[in-house]
Amino acid sequence: MNRHSNNINTALIKLHNVAFSYAGRHAACDLNFSVYDGDYLAIVGGNGSGKSTLIKGLAGLLAPSTGEIEICNSLRRKDIGYLPQQSAAQADFPASVMEVVLSGCLNNGGFRPFYSSLDKHKANNWLLQLGISHLSKKSFRELSGGQQQRVLLARALCSASKLILMDEPIAGLDPHAQAEFYHLCATLPLTIVMVSHDLTSALSQATHILHLDTHQLFFGTVLEYQASGIGDGFMGCTHPHGHDASEHKNKPKYQSKGEVESISKNITKSITKCSQSKIMIEDISKSGISKNGEHNA
Ligand code: ADP
Ligand code: MG
């Protein structure tokens, strides 16, 4: 995809003074930025700075406590794919790789008792592109962490036709697979919003950077970010709350028991339903925000 950083294209999502809170406490606030068609936005920041919270908000899984998320006219909820941050609970899906990947196609709307040949073609294509075709009949729970991450990425890609939201997608991949993953992202015909702790790659791949520290520390183009010097501090220095970027390597892959249970419940529900009857599931589109930014849940 021919990416640019001058926002000549259509706006897809606009945030107006958005904040997200848990039990009345801000996890991310003062969010004012827009994502345009063709952008590659990298979200960076230390542990606990609100990155996953924001991306869940963009996926429609979390309603803003204040402000508005405007989903612009050209974008529909079903055009958005979401790859959550890896969690311990996700590793234990009782389904085959193909079933997991195909379930991503159910985001594309309409009631369909069976997967279409287009769905199957799409699933096979992403399995091939991600180099995991040979795993399609395997049980998901028996795969390595890196293989599982690719399967979940293939699933998210099946559900995305315009925008893909990814939360630390390279966690668990070996360096070679990480390089391949970035190469793949550069060629995806999609707008990308990716949480990343790899600032070097973010700067070389992305068009825009959003740096969070509970509030919006910076939003702008990669060149503007480099000129601001904010990233210099982030790469080497300790996070003001006592964390730094390198801690991502060792931190648990999930944030709280509640979050793990909720992700597990949602995905198990999806996969159980789709493997039993291939009936349309309630995917993220059903708990999302509507075009005018109101929350449906
Ligand atoms: P990041 O992804 O940048 O590491 P998160 O968005 O996961 O940060 O978390 C931001 C803040 O919100 C942290 O202080 C975290 O403890 C808190 N938080 C995240 N999820 C929940 C939750 N489900 N319930 C309560 N607090 C949460
Ligand atoms: Mg996170």
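Within the range 6-28, can you find the residues that are within 16 Å of ligand 1 (Cβ to nearest atom) and among the aliphatic types (A, V, I, L, M)? Leu15, Val18, Ala19, Ala23, Ala27, Ala28 - these are the residues of the range 6-28 that are within 16 Å of ligand 1 (Cβ to nearest atom) and among the aliphatic types (A, V, I, L, M). Here no helices (runs of 4 or more DSSP H) wholly within the range 49-155 include at least 3 residues being within 16 Å of ligand 2 (Cβ to nearest atom) and of a type in the set (Gly, Ala, Ser). Based on what the data block shows, is Ser52 within 15 Å of ligand 1 (Cβ to nearest atom), in contact with a strand residue (DSSP E or B) (Cβ under 9 Å, 6 or more places away or on another chain) and among the small types (Gly, Ala, Ser)? Judged against the criteria, Ser52 is a match. All conditions in (1) of a type in the set (Gly, Ala, Ser); (2) surrounded by fewer than 17 Cβ atoms within 10 Å (Cβ to Cβ); (3) not in a helix (DSSP H, G or I) hold for Ala179, with the sole exception of (3).
Of all the listed residues (Ser96, Ser34), the sole one being away from ligand 1 (no atom under 16 Å from the Cβ), closer than 23 Å to Leu199 by Cα and surrounded by fewer than 23 Cβ atoms within 10 Å (Cβ to Cβ) is Ser34. Of all the listed residues (Gly60, Gly104), the sole one being away from ligand 1 (no atom under 14 Å from the Cβ) and on the phi > 0 side of the Ramachandran plot is Gly60.
Beta carbons closer than 7 Å, at least 6 apart along the sequence or on distinct chains, pair a first residue in the range 50-68 that is of a type outside the set (Ser, Thr, Tyr) with a second that is near ligand 1 (Cβ under 9 Å from one of its atoms) and in a helix (DSSP H, G or I) for Leu62/Thr53; Leu62/Lys56. Annotation note: Cβ proximity below 7 Å between a residue of the range 160-182 that is in contact (Cβ under 8 Å) with a residue 40 or more places away in the chain and a residue that is aromatic (Phe, Trp, Tyr) (sequence gap 6+ or interchain) occurs for Leu165/Tyr82; Pro169/Phe181.
Listed by first and then second residue, the pairs with beta-carbon distance under 6 Å, at least 6 apart or on different chains, first residue in the range 116-139 and surrounded by 15 or more Cβ atoms within 10 Å (Cβ to Cβ), second part of a helix (DSSP H, G or I) and among the polar types (S, T, N, Q), are Leu127/Ser133. The condition of being within 15 Å of Ile80 (Cα to Cα) and buried (at least 17 other Cβ atoms within 10 Å of the Cβ) holds for Leu163.
Whether any residue in the range 192-205 is more than 25 Å from Gln86 (Cβ to Cβ), under 17 Å from the mean Cα position of the chain (by Cα) and not in a strand (DSSP E or B) is what I want to check. Looking through the range 192-205, none of the residues is more than 25 Å from Gln86 (Cβ to Cβ), under 17 Å from the mean Cα position of the chain (by Cα) and not in a strand (DSSP E or B).
No value in this document is a laboratory result; all are computed from the given coordinates. Quantities reported herein were computed from a predicted structural model and do not represent experimental measurements. Glycine gets a Cβ as well: all are built from the backbone with ideal geometry, and neighbour counts include every protein chain shown.
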